[in-house]
Every structure is written in structure tokens, then in C-alpha cells.
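Since every read-out is calculated from the coordinates, none of them should be taken as a lab result. Keep in mind that what you see is a predicted model, and the values were worked out from it rather than measured. Positions of Cβ are backbone-derived with ideal geometry, glycine not excepted, and every protein chain shown enters the neighbour counts.
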Amino acid sequence: MLLTPTQIKYLVAINRLGCETSVRSADIAEALEVTKPTVHSMLVSLARLELIKKEKYSCIELTGRGRWFAELYANGFSAISLLLNSRLRIPVSTAGEGALAILSCLGPEELSLRFSRGAAEPVNDEAFPPQRLP
């Protein structure tokens, strides 16, 4: 299952905001600086994929599957955006968008292989030796 960059962004945000509890859709809208209707549309999409469950009063909780994906994506996001920013000197916001785009191309097996350690660095860091810019 491949997720879009926006779906990944929402999963990671829900994971960070809710961690071990549920989170309100208004909190997601505030954190991502989007409208509540925009959040609602994405939550419907994530619920169809069985990554979240929406409770009464706009409370959202990650499913077990959703938590697994959210943690992998959070680890991948940290690793890739750090690589793009620190080694390639790409601005932070652009590096974050690039990280989301890269993650959206990786399936569950690739995600698990690369980012299940919980480290904020790629598994095979030797593939990315420090480079001097000209």
C-alpha cells in the first residue's frame, strides 16, 4: 500500500499529537495549518484504509496498523529530511516536502527495511558519504 505525501503528513501529525491517546481533528487542523473540512476529508480517507478510527466528538485514534505505519514514516521523515537538509543544503521546508515525496514511493517492505530501527539515520549511511560543495 502506497500512501500519498499528504496522507503521510497526516499520519505523522496524528502520531505526534496523540502519541498514546486520541487527538481531536481541530488539533490536527491547527498543527498542519489547514481548515477543519480539509482535515475531515483526509480522515475519511485514512479511515477507509483502516489506519485510524474516528470516535465521537471528533476524536481520532491510530489503529495498530496505523501506528506501525506512522512510526515508520516518522522515522523515515526524520532521516530523509535531515539528509536533504544537512548534506545537500536543501532548506528545511523543502527538505520536508522532498522527504514526504520520497516516502510516498516506498512500499511497506521497503519502509520496514530502511526505517524500522527507530534511528534518525538511513540504514546504509555509507551510501551517502559527506560531500563538499564546489
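Can you give me the C-alpha center-to-center distance between the range 74-117 and the range 4-66, rounded to a whole angstrom?
Spelled out, the Cα-based centre of one part sits 20 Å from the other.
Which is the longest run of the chain containing none of the GluC sites (Glu not before Pro) found in DSSP loop states (not H, G, I, E, B) with at most 13 other C-beta atoms within 10 Å? Don't jump to the answer; show the numbers that get you there.
On the way: sites that count: Glu20, Glu33, Glu50, Glu55.
For GluC sites (Glu not before Pro) (loop position, at most 13 other Cβ atoms within 10 Å), the longest site-free span of the chain is 56-134.
What FRET efficiency would be calculated for the residue pair Glu55, Val92, taking the C-beta separation as r and a Förster radius of 41 Å, to the nearest 0.05?
On the way: r = 34 Å, r/R0 = 0.83.
With a Förster radius of 41 Å, E is 0.75.
With unit charges on the beta carbon (Lys/Arg positive, Asp/Glu negative), name the residue among Ile8, Gly107, Leu84 whose Cα is farthest towards the positive pole of the charge dipole of the chain.
Ile8
Once you keep just the Cα pairs under 8 angstrom separated by 6 or more residues, what percentage relative contact order results for the chain?
Once divided by the residue count of the chain, the mean separation gives 27 percent.
Tell me the mean residue ellipticity at 222 nm calculated for the chain from its helices only (DSSP H runs of n ≥ 4, each -39500 (n - 2.57), averaged over every residue, nearest 500).
After summing the helix terms and dividing by residue count, I get -17500 deg cm²/dmol.
Give, rounded to the nearest 20 debye, the magnitude of the charge dipole that the chain has about its Cα centre when Lys and Arg contribute +1 at Cβ and Asp and Glu contribute -1 at Cβ.
The dipole magnitude comes to about 200 debye.
Over the range 67-120, what is the relative contact order in percent, taking alpha-carbon pairs closer than 8 angstrom and at least six residues apart?
51
Can you compute the charge dipole magnitude of the range 67-120 about its Cα centre, using +1 on each Lys and Arg Cβ and -1 on each Asp and Glu Cβ, nothing else charged? Give it in debye, rounded to the nearest 20.
Dipole of the range 67-120, to the nearest 20 debye: 200 debye.
For Cα Rg over 2.2 N^0.38 Å, pick the label among (i) 0.97; (ii) 1.10; (iii) 1.86 that corresponds to the value derived from the coordinates.
For Cα Rg over 2.2 N^0.38 Å, the calculated option is (ii).
Given a 10 angstrom Cα cut-off, can you work out which residue in Ser78, Ser104, Ser86 is the most mobile in a GNM of the chain?
With Cα springs under 10 Å in the chain, the top fluctuation among Ser78, Ser104, Ser86 is at Ser86.
Going by a ≥ b ≥ c, the root eigenvalues of the Cα gyration tensor, does the range 5-63 fall in the rounded group (a/c under 1.5), the prolate group (a/b larger than b/c) or the oblate group? Mind showing how you got there, number by number?
Numbers: a/c = 1.18, a/b = 1.09, b/c = 1.08.
Note, shape of the range 5-63 comes out rounded.
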